[in-house]
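K.L.:
Shown below is the structure under consideration.
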Amino acid sequence: MEAYSLTAADMRDSILRHLAYELGTDPGHATLHDWRIALSLAVRDRLVDRWFAANRATRAAQPKRVYYLSMEFLIGRLLEDAIVNLRLEEQAGTALADLGLDFDAVIQNEPDAALGNGGLGRLAACFMESLATIGCPAFGYGIRYENGLFRQSFQDGRQIEEPEDWLSQFHAWEFERRDVAQEIRFGGEVTQKDGRAVWTGAEAVIAAAFDTPIIGWKGRWANTLRLWSAQPLHGFDLARFNRGEYAAAAEPEALARTISRVLYPDDTTGQGKELRLKQEYFFTAASLRDILRRFEAEGGALADLPKKAAIQLNDTHPAIAGPELVRLLHDERGMALDEAIATARGCLSYTNHTLMPEALERWSEDLMSQLLPRHMQLIERIDEAHAAEMPGRRVTLRENGEVKMGEIAFTMAHKVNGVSALHTDLMKETVFADLHRLHPDRIVNETNGVTPRRWLLSANPRLSRLITETIGEGWVDDLEQLDRLEASISDPGFLDAYAKAKRENKQDFAEWLAAEQGVRVDPEALFDVQIKRIHEYKRQHLNILETVALWREIKANPGAGWVPRVKIFAGKAAPGYVFAKEIIHLINDVAEVLNADPVTSPYLKVLFLPNYNVSLAERLIPAADLSEQISTAGKEASGTGNMKFALNGAPTIGTLDGANVEIRDRVGARNFFLFGMTAQEVEARRAVPDHARQAIQADPRLGGALKAISQGAFSPSDKHRYRGVVANLTGQDYFLVCSDFTAYWDAQRRAEAAFADPAVWHRGAACNTARAGWFSSDRTIRGYMTDIWGTVPLAAE
Ligand code: 26Q
């Protein structure tokens, strides 16, 4: 049955049925939450039908499957995605209206599934959706964290973290699979038996599987996201309880559950703790066993595993998959070691997401030996085997008593990929230079992308309608068709409609701001948006410095015809990242002073929206005029927010970093406000002694802004609050904020001048939309399929 041959009346009946029989309530007493769950279950019924069809087709064809192993899946809301991909918007909208409900209110009642920190986790979610849209049989594997990324609020301008408990409400999208649980062990010792190593782990937990169906465009295909939850092998200790040891009786249970309790809220420190390593091994080991179980059930010969399983490692977090797969093949199934290594390598591939040294994972050999003694031995064996393959040129997997997970992942993968062209080049030249010389064909580029279903079709219905009216709806799963808009860009009627969609999006956003945050902004102002994790390399402090400098200029000359601007920030800082938290505090302090300034506030407002998440991004991006992508060149591996903004018609102000380079190549230099040093120039500039002081001396605007901050203009009650921030910027300034300041200032003025001329501006914005079609994650996934996985799409019945 076609998923969308459903009428609005069918939909309404189904909602009412679920309301009664699943939730046990009636329309007279149902809360918004009840209605949302009832709608979810009604939609889920349709989705499950499509899911079964895809699973049947896969079981029949037994194709090579893709397995995407990721510590993070930053999914956001699922209901709207399912409705849009099943094309049930009309039926659901009419049914809800019949029941006296507001569609948007019901959709927004769903909490975000925030099982990720940022880019890497969101990329995994976009990939899952594209895999389903393309019809590539695939599983996502990860951890079912009880608490996802913390909820952020501000107290006196400082970040406060509170636990996020997305599972406290009924979660309609998962199915527990009690039949596929795995036992995972840690610690213990390795003995020899009949010439084979036998690892007897001491501590055991159960990995329980929870499956979420991921549906593609038009419901043509669906895959499974399988998340593992840690549960005790033996629950409650009744004997202890009976002896009156109540707390102790529950201890083993609590300990086991710790493993999947919480997402690490950090996206840089590669120096992890024991629990992090346990999490990594826990989900990797459970996933590999699940993959082998499925393979063996289909009766293949082990040597053929690479023909049936492509296992992608999302960064090094699941890199223990190399040694573990070798262990499963060699120790547990008797394959010769060299063959086991080659077979594992045939399956595995690894995506690198960062070059920053502090983010590259390393584990102490002591911890590794204690927690995974057999893996430590195998890492030594793999190291030796690798050295033997490449005599004379030895790259070690261990250094200074630490195991290097990047090198392990590289060595155990048949392909290693970067996430933008520039990042891939830099991988070859820097972190993996030695390994690249040994394996010159291993590193490939797969520039990131984003799913157009979520980031254009659902997030921006006004622009989507205009696009479909202009070029038909083929763009939704063939985004490069957006280039057909090119012909309309010189049509004033089209540009008017384009401008109208943006204006209305901005009005919606301004209304939401007033209602939810109690802030008033002028929808005609330039909405200048920087939303992403707070990091020194992303340089939110460059943006706020320019804001302070601009404020001072406006104050000095209020009548100079300033273009009204709203600077919008959002993003979370890792709880232990002190400097990032100071940047948040500074932005909030600056906002307080500027927004209260009667002279400047008509021209310049600053907002820091709390608790940035996927849903807030969906609301903000369609309303943005200008996209801030201002990282120090060479530091942002790719970026994906940059692509979302470009698609939604917000030109970039940015550096030549990550995928900005490719965005600019495509949208055209005229439609991109470029500034700053290149990655090479950054290296050279760092070698200049006193580079920050020189830059400050050369630009009084920068000097003035720094001085205002250091003299307490934004922290009158604590004048020295930003001493540390200012000392950093005037001293080492590793991320070259000062040295890029003047170029950034100039680029902002160019952006402003363009914005002041609506005809020029909307043309540039439309060029961004028309030329950003290449940045679909469908294109990225097709690249992985041909270059890395060797898989083809499979059609459902
Ligand atoms: C590692 C060890 C211990 C604790 C935490 C971590 C950890 C966790 C998350 C390290 C890194 C991350 C996440 C990194 C990340 O999101 N990288 C981003 O990936 C995007 C998708 O490729 C790129 O677009 C961004 O440029 C990159 O910063």
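The values are calculated or read from the model by the stated rules, or taken from the named source; none is laboratory data. It should be emphasised that the depicted structure is a prediction, and the values quoted were computed from it without experimental measurement. All Cβ positions, even for glycine, are placed from backbone atoms using ideal geometry, and neighbour counts span all protein chains on display.
K.L.:
When the residues of the stretch 424-443 are filtered to those that are within 16 Å of the ligand (Cβ to nearest atom) and outside any loop (DSSP other than H, G, I, E, B), which remaining residue is surrounded by the fewest Cβ atoms within 10 Å (Cβ to Cβ)?
P.N.:
Asp425
K.L.:
While we're looking at this one, here's another question. Just to be sure, is Gly639 of a type in the set (Gly, Ala, Ser) and either more than 11 Å from the ligand (Cβ to nearest atom) or not assigned by TED's automatic domain parsing to the domain that holds Ala591 (or both)? Steps first, please.
P.N.:
Details: of a type in the set (Gly, Ala, Ser): yes; either more than 11 Å from the ligand (Cβ to nearest atom) or not assigned by TED's automatic domain parsing to the domain that holds Ala591 (or both): no.
In short, no.
K.L.:
Here's something else I'd like to know. Can you name the number of the only condition in (1) closer than 18 Å to His535 by Cα; (2) in the same structural domain as Gly634 (by TED's automatic domain parsing) that Gly724 fails?
P.N.:
(2)
K.L.:
A further question follows. Given the criteria away from the ligand (no atom under 13 Å from the Cβ), within 27 Å of the chain's Cα centre (by Cα) and closer than 26 Å to Asn448 by Cα, does Ile320 qualify? I'd like the intermediate steps shown before the answer.
P.N.:
Working: away from the ligand (no atom under 13 Å from the Cβ): no; within 27 Å of the chain's Cα centre (by Cα): yes; closer than 26 Å to Asn448 by Cα: yes.
No; evaluated as a whole, the condition is false for this residue.
K.L.:
Give Val326, Val403 a once-over and let me know the one that is buried (at least 19 other Cβ atoms within 10 Å of the Cβ), assigned by TED's automatic domain parsing to the domain that holds Arg289 and over 18 Å from Ala309 (Cα atoms). Break it down stepwise before answering.
P.N.:
Values: Val326 fails: over 18 Å from Ala309 (Cα atoms).
Result of the check over Val326, Val403: Val403.
K.L.:
With respect to Ala573, determine if the residue is within 16 Å of the ligand (Cβ to nearest atom), assigned to a helix (DSSP H, G or I) and aliphatic (A, V, I, L, M). Reasoning before the result, please.
P.N.:
Values: within 16 Å of the ligand (Cβ to nearest atom): yes; assigned to a helix (DSSP H, G or I): no; aliphatic (A, V, I, L, M): yes.
Taking the combined requirement at face value, the residue does not satisfy it.
K.L.:
Is it the case that Ile471 is without any contact (Cβ under 8 Å) to a residue 60 or more places away in the chain, of a type in the set (A, V, I, L, M) and closer than 25 Å to Asp81 by Cα?
P.N.:
Details: without any contact (Cβ under 8 Å) to a residue 60 or more places away in the chain: yes; of a type in the set (A, V, I, L, M): yes; closer than 25 Å to Asp81 by Cα: yes.
So Ile471 fits the description; yes.
K.L.:
On to the next question. Scan the stretch 600-619 and tell me whether some residue there is at pLDDT 95 or above, part of a loop (DSSP other than H, G, I, E, B), within 21 Å of Trp774 (Cα to Cα) and in the same structural domain as Thr769 (by TED's automatic domain parsing). Write out each step before concluding.
P.N.:
Start the filter on the stretch 600-619 by keeping residues that are at pLDDT 95 or above, which leaves 600-619.
Remaining after also requiring part of a loop (DSSP other than H, G, I, E, B): 600-603, 610-613.
Keeping just the survivors that are within 21 Å of Trp774 (Cα to Cα) gives none.
Looking through the stretch 600-619, none of the residues is at pLDDT 95 or above, part of a loop (DSSP other than H, G, I, E, B), within 21 Å of Trp774 (Cα to Cα) and in the same structural domain as Thr769 (by TED's automatic domain parsing).
K.L.:
Now a separate question. What about Val661, is it more than 16 Å from the ligand (Cβ to nearest atom) and of a type in the set (Val, Ile, Thr)?
P.N.:
Values: more than 16 Å from the ligand (Cβ to nearest atom): no; of a type in the set (Val, Ile, Thr): yes.
No, not satisfied.
K.L.:
Return the only residue of Leu466, Leu371, Leu422 being assigned by TED's automatic domain parsing to the domain that holds Asn768 and either at pLDDT 95 or above or within 30 Å of Ala202 (Cα to Cα) (or both). Spell out the reasoning first.
P.N.:
Working: Leu371 fails: assigned by TED's automatic domain parsing to the domain that holds Asn768; Leu422 fails: assigned by TED's automatic domain parsing to the domain that holds Asn768.
Result of the check over Leu466, Leu371, Leu422: Leu466.
K.L.:
Scan the stretch 254-285 for residues that are of a type in the set (Phe, Trp, Tyr) and within 9 Å of the ligand (Cβ to nearest atom) and jot them down. Spell out how you get there, then give the answer.
P.N.:
From the stretch 254-285, those of a type in the set (Phe, Trp, Tyr) are 264, 281-283; that's our starting set.
Scanning the stretch 254-285 gives a single hit, Tyr264.
K.L.:
So which of Leu620, Leu656 is closer than 20 Å to Asn117 by Cβ and among the hydrophobic types (A, V, I, L, M, F, W, C)?
P.N.:
Working: Leu656 fails: closer than 20 Å to Asn117 by Cβ.
Just one listed residue meets the conditions, Leu620.
K.L.:
Something else now. Assess whether Gly676 counts as being crowded, with 24+ Cβ neighbours inside 10 Å, more than 16 Å from the ligand (Cβ to nearest atom), within 30 Å of Val726 (Cα to Cα) and in contact (Cβ under 8 Å) with a residue 40 or more places away in the chain.
P.N.:
Details: crowded, with 24+ Cβ neighbours inside 10 Å: yes; more than 16 Å from the ligand (Cβ to nearest atom): yes; within 30 Å of Val726 (Cα to Cα): yes; in contact (Cβ under 8 Å) with a residue 40 or more places away in the chain: yes.
Yes, satisfied.
K.L.:
Pull up the stretch 444-479, narrow it to residues that are surrounded by 21 or more Cβ atoms within 10 Å (Cβ to Cβ) and under 22 Å from Ser631 (Cβ atoms), then point me to the one that is farthest from the ligand (Cβ to nearest atom).
P.N.:
Here the residue is Trp455.
K.L.:
Now a separate question. Would you pick out the residues in the stretch 784-795 that are surrounded by 18 or more Cβ atoms within 10 Å (Cβ to Cβ) and either in the same structural domain as Gly219 (by TED's automatic domain parsing) or within 24 Å of Arg442 (Cα to Cα) (or both)? Steps first, please.
P.N.:
Step one: filter the stretch 784-795 for residues surrounded by 18 or more Cβ atoms within 10 Å (Cβ to Cβ), giving 784-785, 788-789, 791, 794.
Answer for the stretch 784-795, where residues must be surrounded by 18 or more Cβ atoms within 10 Å (Cβ to Cβ) and either in the same structural domain as Gly219 (by TED's automatic domain parsing) or within 24 Å of Arg442 (Cα to Cα) (or both): Tyr784, Met785, Ile788, Trp789, Thr791.
K.L.:
I'm checking my understanding of the structure. Among residues of the stretch 406-421 that are more than 16 Å from the ligand (Cβ to nearest atom) and part of a loop (DSSP other than H, G, I, E, B), which one is surrounded by the fewest Cβ atoms within 10 Å (Cβ to Cβ)?
P.N.:
Ranking the candidates gives His414 first.
K.L.:
Where in the stretch 633-723 are there helices (runs of 4 or more DSSP H), lying wholly inside it, with at least 1 residues that are more than 26 Å from the chain's Cα centre (by Cα)? I'd like the intermediate steps shown before the answer.
P.N.:
On the way: elements: 641-647, 660-667, 679-686, 691-698, 700-710.
Counting at least 1 such residues, we get 679-686, 691-698, 700-710.
K.L.:
May I ask you to verify whether Arg503 is touching a residue at least 60 places away in the same chain (Cβ under 8 Å) and among the basic types (Lys, Arg)?
P.N.:
Working: touching a residue at least 60 places away in the same chain (Cβ under 8 Å): no; among the basic types (Lys, Arg): yes.
No; evaluated as a whole, the condition is false for this residue.
K.L.:
Still on this model: So Val403 clears everything in (1) of a type in the set (A, V, I, L, M, F, W, C); (2) more than 16 Å from the ligand (Cβ to nearest atom); (3) not in a helix (DSSP H, G or I) except one condition, right? Which one?
P.N.:
The failed condition is (2).
K.L.:
In the stretch 353-367, which residues are within 16 Å of Ala679 (Cβ to Cβ), near the ligand (Cβ under 10 Å from one of its atoms) and of a type outside the set (A, V, I, L, M)?
P.N.:
Hit for the stretch 353-367 is Thr354, nothing else.
K.L.:
For the stretch 286-303, state whether one or more residues are among the hydroxyl-bearing types (Ser, Thr, Tyr), within 16 Å of the ligand (Cβ to nearest atom), buried (at least 21 other Cβ atoms within 10 Å of the Cβ) and in the same structural domain as Ile184 (by TED's automatic domain parsing).
P.N.:
no
K.L.:
Residues being of a type outside the set (Phe, Trp, Tyr) and in contact with a helix residue (DSSP H, G or I) (Cβ under 9 Å, 6 or more places away or on another chain): count how many of those fall in the stretch 184-200. Even if it seems obvious, please write down each step before you answer.
P.N.:
Narrowing the stretch 184-200 to residues of a type outside the set (Phe, Trp, Tyr): 184-185, 187-198, 200.
If we keep only those that are in contact with a helix residue (DSSP H, G or I) (Cβ under 9 Å, 6 or more places away or on another chain) too, we end up with 184-185, 187-190, 196-198.
Result for the stretch 184-200: 9.
K.L.:
Restricting attention to the stretch 43-77, report how many residues are more than 25 Å from the chain's Cα centre (by Cα) and either within 16 Å of the ligand (Cβ to nearest atom) or hydrophobic (A, V, I, L, M, F, W, C) (or both).
P.N.:
Residues meeting the conditions: 8.
K.L.:
Now a separate question. Could you list, in sequence order, all residues of the stretch 39-81 that are outside any helix (DSSP H, G or I) and more than 15 Å from Ala124 (Cα to Cα)? Let's see the steps before the verdict.
P.N.:
Pass one, the stretch 39-81, residues outside any helix (DSSP H, G or I): 62-78.
Within the stretch 39-81, Gln62, Pro63, Lys64, Arg65 qualify.
K.L.:
Can you name the residue in the stretch 96-142 that is more than 23 Å from Ala570 (Cα to Cα) and in a loop (DSSP other than H, G, I, E, B) and, of all such residues, is nearest to the ligand (Cβ to nearest atom)?
P.N.:
Applying the filter and picking the extreme gives Cys136.
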